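S.K.: Encoded as C-alpha cells, here's the structure I'll be asking about.
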Amino acid sequence: MTSTPAATTYLVEFGPAWPVPPITVDFTDRGAAINAVTEHAIPHLKPILTEKGRPELADCFFRTDPGLTEGSFMWINLAEGMSALFCPARLTPVDPAAPDPLAYGPTGYRCGCGKDAHSNLVPCQPDRPRSA
C-alpha cells in the first residue's frame, strides 16, 4: 500500500539536459498540478523535441511516482503500441508560506535579472526598497 505524501506544495526541477525552468506547484489536486506542470514545460520542450526530429513527443503528459519524489513526461501512441519517457524531474516538498527560493534571494528581495526562474543563492541584481 502506498502512503499519501504529507506535503502538498512541491518544487519541480527538470533534468539538466532539458531547458525547462523549475516551477512550484500545489499538488492538492493532482490532476490540476499535472496540467500546470505540462502547460509550463511544453513551450520549452517543443523546440528541443523538434530539433531532435521528434515533434510528436510534445503531445504528452507529466506523470509522477506515487510518493511525489520524481516525475517525467510520457508520450503514448496506442495505435502503434509505442511510448516514451523523457525529461525527468525531481519533486521536492516546499513550505508554501516561505518565500519562493526561485524568485527571492537570500535577503528576501526579488531578483531583478529578468530570468523566468533560477536558483538565487546570490541575487543577480536585487531590488532594494527605495528611500524617500
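We did not get these values from a lab; they are worked out from the coordinates using the rules stated. Predicted, not measured: the structure shown is a model, and the values here were computed from it.
S.K.: Would you mind calculating the gained length between Glu80 and Ala97 on full extension (0.36 nm times residue separation, minus the Cα-Cα distance), in nm to one decimal?
M.R.: My answer for the length gained is 1.5 nm.
S.K.: A further question on this structure: Can you work out the Karplus-derived ³J(HN,Hα) for every residue in region 51-61? Use 6.51 cos²θ - 1.76 cosθ + 1.60 with θ = phi - 60°, whole Hz, and x for glycine or proline.
M.R.: Each residue of region 51-61 in turn: 4, 7, x, 10, x, 5, 5, 5, 8, 9, 9 Hz.
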